[in-house]
Amino acid sequence: MFDFLDLQRYDLFGAFWVTAQLAVFSAIGSLVWGTILAGMRVSPVPLMRVFGTAYVNIVRNTPLTVIILFTSLGLFQTLGIAMGGESFKETNFRLAVLGLTAYTAAFVCEALRSGINTVPVGQAEAARALGLSFTQVLRLVVLPQAFRSVIAPLANVLIALTKNTTVAAAIGVAEAALLMKRMIENEAQVFLIGGIFALGFILLTLPTGLLLGWVSKRVAVKR
Amino acid sequence: MSDVPLTKAAEDAAPLAEDLVVLDSVNKHFGALHVLQDINLTIKRGEVVVVIGPSGSGKSTLCRAINRLETIDDGTITIDGEALPEEGRQLARLRADVGMVFQSFNLFAHKTVLQNVMLGPMKVRRRGKEEAEERARKLLDRVGVANQADKYPAQLSGGQQQRVAIARALAMEPKVMLFDEPTSALDPEMINEVLEVMKQLAREGMTMVVVTHEMGFARSAANRVVFMADGRVVEEAEPHQFFDNPKSDRAKDFLSKILHH
């Protein structure tokens, strides 16, 4: 029944390894960029607020496929930005991480912003009254509490990100979805192959959700 | 309670100006509401000024304007000879010299009591961790909550939290302390423990601006009472004069409502 699963011919684990790498690098990137965006959206500088709001609303409402294709067709093939990649494989991987980061950061920003709203305004005022600068208030008082209250929603964003990595197949990154497409074309086992890949993604995302659910209970701030 | 110097050492305060906080023709609007109307107020070094008045008279706004948590529309506010800057680093530096205690305590919920008190000195004054901790422990001892140092704010009573908030403000060695209704959110039995700490501060010569409804405190600790109504300073007088012999009708009316019940 599983004769088609020729691991010599189909590098199943290699493909999922690329998926995991896409997810991890994009997660780190989008957490960093999303946090900066959230900082911009609550900043006292109007220009930063406008930029943050415009970025989130444009990127969040653009299909991921369009963004990923743009990184390849627009950034790389038209503008020649190769992201320091030495081969097509490397370049495409990095472009995919860039696209996923840019897209996911908009959602991280919004999750985080809802967390910022849970921190009582008075605490930020008290921090300012001590003489802390805006970035210090954000870094030392507001964000640590905001993060703790949005770990569960951030888990959703990370799970969505893990599944969104399949869009990288559109620019030829050899991740799980691309291998699945090839296997389905070559072998007449659509349900089994689909099932195997679905299981693979569940194995990646389920522990993320469980772990972060546990963490969010552990670090909740008592008020 | 141990003895910790609260104000800056005499040598770095060399030529002291008499007037520490000066408000000159300060105006502020909230939309159509004129909350501060042409306020002129001078607070001398070492003076304890208590601001009283009915709700909505602008007394909290006045207190918050002194460290620019509320912006003003026109007029000037000067602290120790320096005009209040607009925004940015200078404002932060000036705020570091002005301690503030809020009605709702506003302790940092994710930090322990000790960390709350150490944060300002370490991040603003760039003190070392050990120095900051030693001072923080002394201050917590002074306000009587040394044994709660490693707890989180939510584990403390309101009165304890407010005393921690006072210690947090004192840790910055401020030139002046602002109290914005510090006992209004407290259970009656906890009010005194906070007022005691404030009275002790007053005795030690701290310059204080206190917005409060505690008339007993105003009587016993204030050098001067400022009575506000409808965004104006209606009357300014020494406490015994104000309470026993108010001049304006508005103050007479206010006092008759709160003192006889």
Per-pair calculated FRET efficiency, R0 = 41 Å: A:Ala220 and A:Glu86 via Cβ, rounded to 0.05: 0.35
Rounded to the nearest 20 debye, dipole of the range B:107-247 from Cβ charges on Lys, Arg, Asp, Glu: 680 debye
Compute the FRET efficiency between B:Glu130 and B:Asp230 as 1/(1 + (r/R0)^6), taking r as their Cβ-Cβ distance and R0 = 41 Å, and round to the nearest 0.05. 0.20
Sequence of B:Thr183, B:Thr71 once ranked by neighbouring C-beta atoms within 10 Å, starting from the fewest: B:Thr71, B:Thr183
Can you give the convex hull volume per residue for the Cα atoms of the range A:28-118, as a whole number of Å³? 97 Å³
Take the cross-link list B:Lys28/B:Lys199; A:Lys163/B:Lys111; A:Lys222/B:Lys123 and give me the ones stretching past 29 Å between alpha-carbons. B:Lys28/B:Lys199; A:Lys163/B:Lys111
Chain B: radius of gyration and largest Cα-Cα distance (Dmax), Å: 18.1, 55
Binned at 5 Å from zero, the C-alpha pair distances of chain A give percents of 1, 7, 13, 15, 16, 14, 12, 9, 6, 4, 2, 1, 1, 0
Rounded to the nearest 5, what is the percent of antiparallel bridges among the DSSP beta bridges in the protein assembly as shown? 55 percent
What one gets for the range A:104-143 as the Kirkwood radius, inverse of mean 1/r over different Cα pairs in Å, is 10.6 Å
With the contact rule set at Cα under 8 Å and sequence spacing of 6 or more, what percent relative contact order holds for the range A:12-219? 29 percent
Computed [θ] at 222 nm, helices only, for the protein assembly as shown once each DSSP H run of length n ≥ 4 contributes -39500 (n - 2.57): -16500 deg cm²/dmol
Could you give the dipole magnitude of the protein assembly as shown about its Cα centre, charging the beta-carbon of Lys and Arg +1 and that of Asp and Glu -1, in debye to the nearest 20? 820 debye
Two decimals is fine: what's Rg over Rh for the range A:1-68, C-alpha atoms, Kirkwood radius as Rh? 1.28
The range B:101-170 - convex hull of the alpha-carbon atoms, volume per residue in Å³: 75 Å³
Computed curve, the protein assembly as shown, Cα-only Debye sum without solvent term, log₁₀ I(q)/I(0) at 0.06, 0.12, 0.13 Å⁻¹, is -0.41, -1.03, -1.15
Please identify the DSSP H helices in chain A that span no less than 18 Å along the helix axis (Cα) and have a mean Kyte-Doolittle hydropathy of -1.0 or more. A:12-41, A:46-60, A:88-116, A:151-164, A:190-219
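Each reported figure results from applying straightforward, stated rules to the coordinates on display, with no laboratory input. In this text, all values refer to a predicted model and were calculated from it rather than measured experimentally. In this analysis, Cβ positions are derived from the backbone assuming ideal geometry, glycine residues included, and neighbour counts consider all displayed protein chains.
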